[in-house]
Amino acid sequence: MLTNSLKIVIGAGPYQNNPGWLHTQEEHLSLTNPKNWETHFEKGTLHAILAEHVWEHLTYEEGIAAAKLCYLYLRKGGYVRCGVPDGFFQDKKYQHTIQVGGPGPKEHPAFDHKIVYNYKLLSAVFIQAGFEVNLLEYFDEEGQFHESKWSGSDGVIFRSKKFDPRNQGERLVFPSLIIDAIKR
């Protein structure tokens, strides 16, 4: 069992943006395979789960099931920090890149996006799983950007206004919709 680490990153890829966290890959810990979780963790023991640009690779129904799975393994007060592409960001090139069945990574066509989230839709996924949702960075229906104060010490989402160098000027280039879903 991997019980030494109570903070995990789902689908970390080559990125190690969160030192001290357990970085996992889909083949070892899949959001759609409860048996993976049973093998590695005890229910109610995790402090935090971070998923950057992972949930959009699941269908809506799979997203709800994945959120419910995370809920089972988080302790009370634990959270999922989730970042996905933002469907309300008003930039044609960005929207083309993130669209369902869009260009996606050429080397991994199976990883195409299955859904494009906005803050309402992503919040609904986690609320249906029993979480309370705090919006950290997102665009609204009118294309206005909103952000709350949040700390990278609680989990870095690199593709954010806060951390991505592409987003440090006057104009956001590649933002994410970011939430904390908290188990109360």
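We did not get these values from a lab; they are worked out from the coordinates using the rules stated. Note that this is a predicted model, so its numbers are computed, not measured. Please note: Cβ atoms are built from the backbone with ideal geometry, for glycine as well, and neighbour counts cover all protein chains shown.
Taking 0.36 nm per residue of separation and subtracting the current Cα-Cα distance, fully stretching the chain between Lys149 and Ala124 would add 6.8 nm. Relative to the longest principal axis of the Cα atoms of the chain, the long axis of helix 60-73 lies at roughly 40 degrees.
What length, rounded to one decimal in nm, is gained on full extension from Gln90 through to Val173, with 0.36 nm per residue of separation minus their alpha-carbon distance? Working shown, then result.
Values: separation 83, 0.36 × 83 = 29.88 nm, distance 1.04 nm.
This chain segment gains 28.8 nm when fully extended.
Each Cα pair under 8 Å and six or more residues apart adds its sequence gap; the mean of these over the residue count of the chain is a relative contact order of 22 percent. Computed from label points 7 Å out along Cα-Cβ, the spacing between Phe163 and Glu61 is 3.3 nm. For the charge dipole of the chain, defined by +1 on Lys and Arg C-beta atoms and -1 on Asp and Glu C-beta atoms about the Cα centroid, which residue among Gln25, Gly101, Tyr79 has the Cα displaced farthest towards the positive pole? My answer, from the dipole projection, is Tyr79. Between Gln99 and Arg184, the simple label model (points 7 Å from Cα in the Cβ direction) yields a spacing of 3.9 nm.
In the chain, the longest principal axis of the Cα atoms and the axis of helix 119-128 are about 20 degrees apart. Take the Cα of Glu38, step 7 Å toward its Cβ, do the same at Arg75, and the gap between the two points is 2.4 nm.
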